[in-house]
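A short reminder: the numbers here are calculations on the coordinates, not readings from a lab. This structure is a prediction, so every number in the text was calculated from the model and none was measured. Note that we place each Cβ from the backbone using ideal geometry, even for glycine, and neighbour counts take in every protein chain shown.
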Amino acid sequence: MLLVLIAAAASFTITFCRGAPQVQLGNSILTGTQNTGQTEFFGGEFFQRIVIIVSIDIDDTGIPYAEPPIGQLRFAPPVLKTDPGVPTIDASKYGVSCPVGGQSDPNEDCLTINVLRPLGTSSGAGLPVMVWIYGGGFQAGDASQYDGTGFAIAGINRGTPIIYVNFNYRLGALGFPQGLEATSRGALNLGLKDMLTALDWVQQNIAAFGGNPSQVTLFGQSAGSVALANLFLNSNLESLAHAAIFESGAQSTLPMFPGSRRDRDWQNFVAAVPECSGVSSNDTFDCLREANVSTILDAQGAASGQADEQFPWAPVIDGEGGTIPDLPSKLLAAGKFSRLPFISGSNLDEGTQFVSTSLSSDEQLMQFLVNFIDPAETGSTPSAVQSAANSLLGLYPDDPSQGSPYGTGNNTFGLGSEYKRAAAIAGDIWFHSVRRAWNQAASEQGVPVFAYLFADPQAASNPAQGGEFHCLELGYVFGQPGSEPARTLSAVMKDYWISFATSLNPNDGKGNSRPTWTQYMPLNQVVMQLQGSNTTVIPDTYRAQQIAFINSEPATFNH
């Protein structure tokens, strides 16, 4: 677990030194190390401007929030662990990531949690808490990649200190088993259940670190945002958090299927595990639990290469009483979702990372769309998928000046002539349409909603064919661009995020001067355009006809 302590400063530059921090958790004492640094005082009282980091960890494996998912707990729901169970812990670094392909020494004892807090924060201080959920397509990702020090610094500098938390969760086939056997054994959506268990741990333990369990804001990006949106559907999330921030992901950003849908992918996975050779295809969990984790990852890679989808290991509909009991669009239409206030948004060119750059004919584009809408054409009738694809070709003209990356005119970057057209369609199907549908459904139920469109041209990729693509806002949220006006936009975004976490309103008037972010309302559907030189509120009407069509047929698009 990682604990960041923030050093105080006087009106002169100092080096601040103190003993190693300690936190008591259950019967265990966690001891960290302190790296000291220099800072300066900007206010009228002796509180504290900038930080330095203290890391807390357990023997390279992190503070556990659940029992290790090994042996009989592999492919099983997580078991909450609130007490580390040892007298003292030398905590000096992040825990290991959960197993992903390509690791030389994968370790399943990875269900660990990290906390960063201002220096000197005492138990019972009651600071607001921000809990981050990383992305990675549900098959990659690691909490250690998302250092929250920037949040801790920004929070203190604006006079609203926060505690930052993140954690690891199971990925790939280990976290998201698919198919008939996983369905019958109740082993679906394990990664989502890991998240709920980590949030339960926060509720029971964050006060020991000085956090307020009643003021927890969840935020995530990509798969982390998708997962968080999934948890809004049937998880009693109100007991674990009071607000959320979604970056590039809603409930159906990835197509949502029943648990049995990807049975062929699971069969291909099992067939690639030598320990399961000759075992009945309906009774594989025992042999899978005996398999070496490296073998599991190799088999997962082999099965992924045979899959019809880019992301075959993902959340699924797990039925009545499950985490996702039905198609999300049906649940949203019925008002069956958490009423927590939230911010949600997308990047301008979300689709450019997910389409082939070589598409160059109507026939290739049609085949791409059919597969993109519904891989293997089994989620809805082929005629419905073909009809939807034909409608999309009519709504998105064969005109590169209207394609994604947007604002690049007729430039096709030497790529296939249909690349920009496909990127526009993909971005709207997976990101912009579901973001808009989610905002509309929640605001109509009276939920406080704030929406954004990240469209800063300074963030645009090099080469420019990607535009302001998926993930680019992360450098603004967690980092700090080196030049203006992107540098100011980054600071403003941190202010919006922290303001919302501490007051449920992005407009608390603290920190950097910034435009007022208007709430998304049924009769005033607007988004904040996050753009360095032109951050402003705009109507949520871009590509209105195209997105309205996608949202008019949610079942066809597996939304």
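Assuming charge only on the beta carbon of Lys and Arg (+1) and of Asp and Glu (-1), the dipole of the stretch 314-410 about its Cα centre is about 440 debye to the nearest 20. Computed from Cα atoms alone, the Kirkwood hydrodynamic radius reported for the stretch 344-552 is 18.1 Å. Dipole orientation for the stretch 247-311: of the candidates GLN310, PRO258, SER277, PRO258 has the Cα lying most toward the positive pole (charges on Cβ; Lys, Arg +1; Asp, Glu -1). For ILE317, nonlocal amide neighbours, meaning residues 5 or more places apart or on other chains whose placed amide H falls under 5 Å from its own, are PHE257, GLY259. Between ASN27 and GLN145, the modelled labels are 3.8 nm apart [label points 7 Å from Cα along Cα→Cβ].
Taken as entire DSSP H runs, the helices of the chain that both span 15 Å or more between Cα atoms along their own long axis and average 1.0 or more on the Kyte-Doolittle scale are 223-234. Applying 1/(1 + (r/R0)^6) with r as the Cβ-Cβ distance of ASP105 and ASN371 and R0 = 22 angstrom yields a FRET efficiency of 0.05. Classification of the chain by its C-alpha gyration tensor yields an oblate form. The axis ratio a/c (a ≥ b ≥ c) is 1.5 or more, and b/c is at least a/b. With labels modelled as points extended 7 Å from the Cα through the Cβ direction, what inter-label distance (nm, one decimal) is found for SER383 paired with SER552? The answer from the label model is 1.9 nm.
If eta is 1.567 mPa s and T is 4 °C, what Stokes-Einstein diffusion coefficient results for the stretch 168-216, Kirkwood Rh from Cα pairs, in µm²/s? This corresponds to a translational diffusion coefficient of 106 µm²/s. Estimated at 0.36 nm per residue, the fully extended path between THR516 and GLN480 surpasses their Cα-Cα distance by 10.8 nm.
Comparing PRO515, VAL370, PHE557 along the charge dipole axis of the chain, the residue lying farthest to the positive side is PRO515, per the Cβ-charge model. Is the stretch 452-559 rounded, prolate or oblate when judged by the Cα gyration tensor, a ≥ b ≥ c being the square roots of its eigenvalues, rounded requiring a/c under 1.5 and prolate requiring a/b larger than b/c? Taking the square roots of the gyration eigenvalues as a ≥ b ≥ c, the stretch 452-559 is oblate.
With a cut-off of 18 Å on the backbone N, the residues of the stretch 286-319 near the modelled label site 7 Å out from ALA271 along Cα-Cβ are 288, 296-309, 312-313. Around the Cα centre of the chain, unit charges on the Cβ atoms of Lys, Arg, Asp and Glu (plus for the first two, minus for the last two) sum to a dipole of about 1380 debye.
A Förster distance of 41 Å, applied to the separation of the beta-carbon atoms of LYS336 and ASN411, puts the FRET efficiency at 0.35. Taking the Cα centre of the stretch 344-552 as reference, the dipole from Cβ charges on Lys and Arg (+1) and Asp and Glu (-1) amounts to some 560 debye. For the chain, the relative contact order comes to 13 percent (Cα pairs under 8 Å, sequence separation of at least 6).
Neighbours of GLY135 by Cβ distance under 14 Å: Lys/Arg scored +1, Asp/Glu scored -1, total -4.
Beta bridges assigned by DSSP with both partners in the chain are antiparallel in approximately 45 percent of cases. Note on LEU80 and ILE538: with the Förster distance fixed at 35 Å, the Cβ-Cβ geometry gives a FRET efficiency of about 0.20.
When the label point is put 7 Å from the Cα of VAL279 along its Cα-to-beta-carbon vector, which residues of the stretch 302-338 have a backbone N closer than 15 Å? Within reach of a label on VAL279, which here means backbone N under 15 Å from a point 7 Å along Cα→Cβ, the stretch 302-338 contributes nothing.
Placing pseudo-labels 7 Å out from each Cα toward the beta carbon at GLN204 and LEU523 gives an inter-label distance of 4.8 nm.
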